[in-house]
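Below: one structure, written as structure tokens.
The values are calculated or read from the model by the stated rules, or taken from the named source; none is laboratory data. The shown structure was predicted, so the numbers you read here are calculated from the model rather than taken from an experiment. FYI the Cβ positions are ideal-geometry reconstructions off the backbone, even for glycines, and counts take in every protein chain you see.
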Amino acid sequence: MTVVLEISGVSKRFGDNLANDNISLCLNEGEIVALLGENGAGKTTLMSILFGHYMPDAGRIVIHGRELPPGKPREAIRAGVGMVHQHFSLAPNLTVLENIMTGTQKPWAWRSETRAARKKLLAISDRFGLKVDPDARLGGLSVGEQQRVEILKALFNDARILILDEPTAVLTNIEAERLFSTLKEMANHGLSLIFISHKLDEVMAAADRIVVLRGGRMVAERRQSETTKSELAELMVGHRVSRPVREPSTPGAVVLEASGIAARVGGIDRLKDICFRLQEGEVLGIIGVSGNGQAPLAALLSGTLSRTGGDLFLFGKPVGNLNVDDVVAAQIGRIPEDRSSEGAIGEMSIWENTVLERLSAFSRRGLVDRDAGIAFAREIIDAFDVRGGGPQSRTRLLSGGNMQKLILGRNLHQRPRILIAAQPARGLDEGAVAAVHARILEARRQGTAVLLISEDLDEVIALADRIQAIVSGKLSPPVDAEHVDARRLGLMMAGDWNEPRSGAGHAL
């Protein structure tokens, strides 16, 4: 096979954190390689070095026999490297064609150039089955369609080596299946692909070869046909991984109850007649297809969205619209769906983020007690295995999984009475998922009432005592988690709330 890319002895350090330690690997023409590892293992750093976003401290990169100048993305693009980032870099107010031309050609160029660009885009779209309307406004496209535009932009720049960073992090299962079908078609046409992942199922389904990073070092390389998910999981974390098991329990008093709750976002009714009750020492799972009201429900209970109707009872007493101060005072912990924009401030230090919501507990005479905050952050880092920095490191330097563990630790360390957990394990590796699930179940054992909002059916079945589906802003009646399976929950997510004839689930 023809080698198109060689990475030799690449190392990169950020302060005290050795993100990449003497990594070497190669990529062949028409091959799909999965770069697998825990959150913070150094996967994105390595690919950012390849694309020129970071300068390596040591090592070299050779593409088609020529050494690539370090730290120069334009040179990487000219060498045929394209990168699709986890967080898209597209302008929502521009059309698909304008987004693709931006940075390569002027959108206001002569009509002949725009016409040529449109023709090239449609040809690429047809060749790889990436159907998209060139004149559609990007802001009106689904997340899966926007990712398609990112891929098309890389191919428009004549990429022959395509890097995808956590490509399924924001996709539904169906969109993920379509994506990997497209990637295989690209490989059949001679493109070479590296995709960063921590999801074992998709790695086994899509990759020809798997490279495993751990702690910034390359620890293994396997052909897909010669390994298993259990072996890969153990290679990722360095030990055998097992998910925690929910134990039977008897819930206590009702601590949170909603009756007929309604809310509007942007003038549109997003929540309609929401009814549920949450008890001490239980996990109530809320499932649903993305966009059906999960985010507004979490926002309302977290104090960032006002309701327009219905009644809310907190510890048996009626309450008005909650604000963030009310939520903190009531000892309600919050794990937001978007950890980067809602859960933490990247430019602030880790210790500052840990005390941000409870400044009064770390203040004296109006001044923040820095030493107490740093000590608290160190406790969380140690207890929740937050890797990638110390208390005074910038939070943005943490990987997504370690940032999630920081947010979880900040909320659980002082044992909240209620925990609102929205997509708590999204984007986490197998080891981190097991750790997060264990922490949630431990909080349940200690009497915390957990409202778990998730699109992962396996996660909800594993953690929840009772489950409700949200469809078009309405909640189904609850079902006992002991008597449902993924098929039954899938029907509930589609709006089928009738009792199953076979006894696979039942309404309470």
For residue 178, indicate whether it is modelled with pLDDT of 85 or more and basic (Lys, Arg).
no
Picked from region 51-71 (must be under 20 Å from residue 84 (Cα atoms) and touching a residue at least 60 places away in the same chain (Cβ under 8 Å)), the residue farthest from the chain's Cα centre (by Cα) is 63
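Yes/no per residue for (1) small (Gly, Ala, Ser); (2) closer than 18 Å to residue 30 by Cβ; (3) outside any strand (DSSP E or B); (4) touching a strand residue (DSSP E or B) at 6+ places or on another chain (Cβ under 9 Å):
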| site | (1), (2), (3), (4) |
| --- | --- |
| 144 | yes, no, yes, no |
| 149 | no, no, yes, no |
| 163 | no, yes, no, yes |
| 176 | yes, no, yes, no |
| 187 | yes, yes, yes, yes |
| 190 | yes, yes, yes, no |
| 204 | no, no, yes, yes |
Within region 139-161, which residues are surrounded by 15 or more Cβ atoms within 10 Å (Cβ to Cβ) and over 16 Å from residue 84 (Cα atoms)?
141
Search result, residues across region 325-340 that are outside any loop (DSSP other than H, G, I, E, B), of a type in the set (D, E, K, R) and surrounded by fewer than 15 Cβ atoms within 10 Å (Cβ to Cβ):
325, 326
Can you tell me how many residues in region 302-324 are surrounded by 14 or more Cβ atoms within 10 Å (Cβ to Cβ) and either outside the structural domain of residue 268 (by TED's automatic domain parsing) or of a type in the set (A, V, I, L, M) (or both)?
4
Can you say whether residue 24 is touching a strand residue (DSSP E or B) at 6+ places or on another chain (Cβ under 9 Å) and under 30 Å from residue 433 (Cα atoms), as far as the supplied structure shows?
yes
Is it true that some residue in region 490-506 is modelled with pLDDT of 90 or more and surrounded by fewer than 23 Cβ atoms within 10 Å (Cβ to Cβ)?
no
Would you say residue 386 is free of Cβ contacts under 8 Å to residues at least 40 places away in the same chain, under 25 Å from residue 453 (Cα atoms) and not assigned by TED's automatic domain parsing to the domain that holds residue 431?
yes
Among the residues that make up region 38-59, is at least one of them buried (at least 16 other Cβ atoms within 10 Å of the Cβ), in contact with a His (Cβ under 7 Å, 6 or more places away or on another chain) and under 20 Å from residue 195 (Cα atoms)?
yes
Filter result for residue 41 (assigned by TED's automatic domain parsing to the domain that holds residue 194, under 27 Å from the mean Cα position of the chain (by Cα) and among the aliphatic types (A, V, I, L, M)):
yes
Cβ pairs under 8 Å, 6+ apart or interchain, first in region 1-24 and loosely packed, with under 15 Cβ neighbours inside 10 Å, second in a strand (DSSP E or B) and of a type in the set (Ser, Thr, Tyr), ordered by first then second residue, are 9/24; 22/11; 24/8
Read through the list (1) touching a residue at least 12 places away in the same chain (Cβ under 8 Å); (2) surrounded by fewer than 14 Cβ atoms within 10 Å (Cβ to Cβ), then give the number of the only condition that residue 239 fails.
(1)
Screening 366, 267, 260, 288 for residues that are closer than 27 Å to residue 477 by Cβ and either out of contact with any Cys (no Cβ under 9 Å at 6 or more places or on another chain) or buried (at least 20 other Cβ atoms within 10 Å of the Cβ) (or both) leaves only 288
Name the residue that is farthest from residue 195 (Cα to Cα), counting only residues in region 60-70 that are in contact with a helix residue (DSSP H, G or I) (Cβ under 7 Å, 6 or more places away or on another chain) and surrounded by 18 or more Cβ atoms within 10 Å (Cβ to Cβ).
68
Matching residues in region 341-363 (surrounded by 14 or more Cβ atoms within 10 Å (Cβ to Cβ), within 26 Å of residue 287 (Cβ to Cβ) and free of Cβ contacts under 8 Å to residues at least 60 places away in the same chain) number 1
Given the criteria touching a helix residue (DSSP H, G or I) at 6+ places or on another chain (Cβ under 6 Å), surrounded by 14 or more Cβ atoms within 10 Å (Cβ to Cβ), without any contact (Cβ under 8 Å) to a residue 40 or more places away in the chain and not in a loop (DSSP other than H, G, I, E, B), does residue 233 qualify?
no
Please enumerate the residues belonging to region 78-89 that are within 27 Å of the chain's Cα centre (by Cα), crowded, with 18+ Cβ neighbours inside 10 Å and of a type in the set (A, V, I, L, M, F, W, C).
81, 83, 84
Can you confirm whether residue 38 is among the charged types (D, E, K, R), touching a residue at least 60 places away in the same chain (Cβ under 8 Å) and touching an Asp or Glu at 6+ places or on another chain (Cβ under 6 Å)?
yes
When residues of region 407-462 are filtered for being β-branched (Val, Ile, Thr), over 19 Å from the mean Cα position of the chain (by Cα) and at pLDDT below 85, how many remain?
0
Counting only residues in region 10-38 that are among the acidic types (Asp, Glu) and within 20 Å of residue 387 (Cα to Cα), the one nearest to the chain's Cα centre (by Cα) is identified as 38
